[in-house]
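I have placed the structure first, in the form of structure tokens, so that the comments after it can refer back to it.
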Amino acid sequence: MPEYTGRKRLLHIHHHVAGVLAQVNKRLAASGVDILAQYLSTNEDVGYVVIDIDQAVGKSALAQLCTVPATIRCHTLY
């Protein structure tokens, strides 16, 4: 994904199971986060999604993202 000035970027690494992206989006929306762009890639076992947003993620929003079932790791890239 290209880098965009003024955006924040999150990374969510997870086990490759159906419905993870929907759960990621649901939790971010519930936290009031507006998603500007996403990139998802998976193999047989693991997937990751890179998410660009237009605001800093509060600790509670990131904590909610980490509660998605099948999460391996999530954090703010920048």
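Numbers at a glance
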{"read-out": "Average Cα contact separation per residue, the chain, under 8 Å, 6 or more apart, as relative contact order %", "value": "47"}
{"read-out": "Shape call, segment 8-76: gyration tensor on alpha carbons, a/c limit 1.5", "value": "prolate"}
{"read-out": "Extension gain (nm, one decimal) between Lys59 and Ile35, 0.36 nm per residue minus Cα-Cα", "value": "7.0 nm"}
{"read-out": "For Asp52, Asp45, order by how many other beta-carbon atoms lie within 10 Å, fewest first", "value": "Asp45, Asp52"}
{"read-out": "Sorted by Cβ neighbour density within 10 Å, fewest at the top, the residues Val17, Val50", "value": "Val17, Val50"}
{"read-out": "Cα long-axis angle, helix 20-30 against the chain (0 to 90 degrees, to the nearest 10)", "value": "30"}
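Laboratory data are not the source of any read-out in this text; all were calculated from the coordinates shown. All of these numbers come straight from a predicted model, not from anything done at the bench. Positions of Cβ are generated from backbone atoms using ideal geometry, with glycine treated the same way; all protein chains shown enter the neighbour counts.
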